[in-house]
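What follows is one structure encoded as structure tokens, with my remarks underneath.
Just so it is clear, none of the values below were taken in a lab; they were calculated from the coordinates. Every value quoted in this text rests on a predicted model; they were computed, and no experiment measured them. Because the Cβ atoms are built from the backbone with ideal geometry, glycine has one as well, and the counts that use them run over all protein chains shown.
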Amino acid sequence: MGTGLGRDHEILRAHLIRHALPASCRLYGPQLTLRAAFFGGREPRYHGSLAIAVDRRTAAPMASLQSRYVRRVPDMTERLPVELPKAYRLLNHGPTVLVGSAHGRRRNVMAAAWSMPLDFSPPKVAVVIDRNTLTRELVEGSGEFSLNVPARAIARETLAVGSVSGHDTDKFASGTGVQAFEASRIGAPLIGGCLAWLECRVIPEPHNQDRYDLFLGEVVAAWADPRAFRDGRWQFEPGVPRSLHYIAGGNFFETGAAFEVKS
């Protein structure tokens, strides 16, 4: 069939096409077996795979979607890639973000209320990372970080990771409830329960970093939950998870209703 799948995967794929799938659908392969990310020897927490759109009638990949990657986060939420020139839109409404970092055998996550997009192509972002945090140490060591846009469902977890220091506790093992999974282009973890994920490489700006704690990053991959972000924009319809905006003292807003102003 020319898909690069092994024989066992081909057999399973053919069975699913024949018995379980609608006329056109996505098959999660070639890694139909679990693909696990290990952090520090812990058990795997996510499944990831390449999505192949298959026409049931021919069992052939549909050309329009052959190169599309689809991943699933720990809560099995689907995430789809976002075109890099539109990645800035994931942050344009000013959400609170979770900053993922890793270097050597250490990793961390912190909450950040101050982040923003800077450019379209290549997409760039800015985030304030205090010099006293473990995240700062790991980002400076690795030159990478992730920005994750949490949904209201993990507001408690977002507050928790913003209230303790990674120097004192492993935030992934201390009961904060946050779950990490593997990024596609960087070593820093991505965070489950979010609506968008940006994988970033640091653009060295020593003056800004030292004087203002301001880090710039180039976005090298971006993903979004298609329930909330599709066709290049946020679409917060009724019943759809919404992003968070931290105010102070444990108080948040969630993103409100959209409206259009016609010229």
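See the values below:
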read-out	value
Distant-in-sequence amide H partners of Phe252 (H built 1.01 Å from N, under 5 Å)	Ile247
Per-residue ³J(HN,Hα) for the range 81-87, Karplus 6.51 cos²θ - 1.76 cosθ + 1.60, θ = phi - 60°, Hz, x for Gly and Pro	x, 10, 4, 4, x, 9, 5
Amide H within-cut-off set for Ala221, under 5 Å, with H built and near neighbours excluded	Glu199
Dipole-positive endmost among Phe236, Ala222, Gly175 within the range 84-254 (Cβ charges, Cα centre)	Phe236
The range 146-159 - phi-based ³J(HN,Hα) in whole Hz, Karplus 6.51/-1.76/1.60, Gly and Pro as x	10, 10, 10, 9, x, 8, 4, 4, 10, 4, 4, 5, 4, 5
Taking Ile247, Ile154, Ile203, Ile191 and counting other C-beta atoms within 10 Å, the order from fewest to most	Ile247, Ile203, Ile154, Ile191
Amide H partners (placed H, <5 Å) of Ser243, local residues excluded	Thr255
